[in-house]
Amino acid sequence: MNEAIALGLGNNIDYEIKWDSRVIESLIENYELSMRAIRPVERINTELDLLISILYYMKNGTGTERYVESLQVVEEFARKFDMDVTLGGTAPRAAVAMSEIGVASSVHLVTINDRVRKLMPGGCSWYCSNSADTLFPHLIVQYEKGAHVAARDVDIFAPVSTRLIYVNDHDNEVMKLQPEFFENARNAQACLVSGFNAMSDRGLLQERLQQLAVLLKALPQALTVFYEDACFHNSDFKRVVLAHLSSLLDIFSLNEDEMRGYLREKIDLLDPLGMLEAVRALRAIISVPILVIHTQHWALASGPGCGRYSAALKNGISMAATRFRLGDAFSKSDFLSTHDFPPRIKGELFAREINRLGEGQVCCLPCVEVEEKKVTTIGLGDAFVGGFLSTLTNVGI
């Protein structure tokens, strides 16, 4: 194979609803929902549970991924909105981003259907662990900072732009592996491992991780193994993944919500000293050579020789910002122009100070200033991964 990057493991179809406060307000009225009922929902069984969950995360300004007990709830809620049907999953979204700048990849899939076949980028090879067509769409709820919902006594302004993901996905719960993908990955320069967050059976998760460990050990030592974290439906499973894979990983990457999940505390992302302490605490939990954290303000790498990933961080930031601005419809010239955007002032000040305090153990770059107001919040981490990994190839951009 000629692909420079191998991207795994899961995929899906996304229902990206177009946010409409009027629909949400109508549901609040229909269910006679009050502000005091907006709380964390442990199990999402009904449309009302889903509505309360969305309003809770919107009020608190956090993104998440949650399991929904019934796929029918996902389907029926999505039909109340205008929506786009898109390709989902870190691996295929990273592949789409990389294809726009001329970097070839191969992708491991667990779900295949006509929509996936149509949406996969041209020039990208794929290997699916399922032979039969299936469809388990993910509901994507995204809204801009300042989005407002007001009905009955419910009155919520979104403090940040973010996204919520709701799923009932058998294929990603089972996460069957396709050995041929890994055999061909021997010729690649980097391999992405992502997924496992939707799995619900501990025994099956351990079995899949054991299989994956064998497949990764067969790859050349020079190949970079990059792991992208996610919001696990069962938070305890994060530790299971670490126990099986950490010794096989070169880079472990996560966003601010996932970081808070490990540390179990809210962290000021613009406090350099506090963030440096958080990075050190995270490295004590996640034992890998290089730890990467990407946030709305900055991205950093931590570990010995982390400075060599400066260009990768910059390209990851540029790719995520390009998707934030333009969604899927961007070109290489859009990416290159975003690359030259000025940095966000607060992020620049933070990066300068944490780099000084880190004394070579941290390499941090600020995100860029984006003027667009109508933005995309889904898939930004996936785009970051695509931009970061593209820099590890010999292709150049």
Would you kindly identify the strands (runs of 3 or more DSSP E) lying entirely within segment 62-179 that contain at least 3 residues that are within 23 Å of F196 (Cβ to Cβ)?
-> 64-67, 83-88, 105-109, 125-128, 138-143, 162-167
When residues of segment 132-145 are filtered for being modelled with pLDDT under 95 and touching a strand residue (DSSP E or B) at 6+ places or on another chain (Cβ under 6 Å), how many remain?
-> 1
Tally, over segment 310-335, of residues that are in contact with a helix residue (DSSP H, G or I) (Cβ under 8 Å, 6 or more places away or on another chain) and either part of a helix (DSSP H, G or I) or without any contact (Cβ under 8 Å) to a residue 12 or more places away in the chain (or both) | 18
Could you please let me know if F77 is touching a Leu at 6+ places or on another chain (Cβ under 9 Å), at pLDDT 95 or above and more than 30 Å from E3 (Cβ to Cβ)?
-> yes
Does S161 satisfy being closer than 24 Å to F384 by Cα, of a type in the set (G, A, S) and not assigned by TED's automatic domain parsing to the domain that holds E69?
-> no
Considering only segment 275-309, how many residues are surrounded by fewer than 21 Cβ atoms within 10 Å (Cβ to Cβ), closer than 18 Å to A321 by Cβ and not polar (S, T, N, Q)?
-> 1
Residue among V241, V167, V154, V149 that is touching a helix residue (DSSP H, G or I) at 6+ places or on another chain (Cβ under 8 Å), under 24 Å from V279 (Cα atoms), surrounded by 18 or more Cβ atoms within 10 Å (Cβ to Cβ) and in contact (Cβ under 8 Å) with a residue 12 or more places away in the chain = V241
When segment 228-281 is examined, which residues are found to be of a type in the set (D, E, K, R), more than 18 Å from the chain's Cα centre (by Cα) and in a loop (DSSP other than H, G, I, E, B)?
-> D236, D250, R264, E265, K266, D268, D271
By residue number, the members of segment 1-44 that are polar (S, T, N, Q) and assigned to a strand (DSSP E or B) are N12
Going by the conditions given, is R260 surrounded by fewer than 20 Cβ atoms within 10 Å (Cβ to Cβ) and more than 20 Å from L300 (Cα to Cα)?
-> no
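The values are calculated or read from the model by the stated rules, or taken from the named source; none is laboratory data. Note that the structure is predicted; figures quoted are calculated from it, not measured. Cβ: placed from backbone, ideal geometry, glycine included. Neighbour counts: every protein chain shown.
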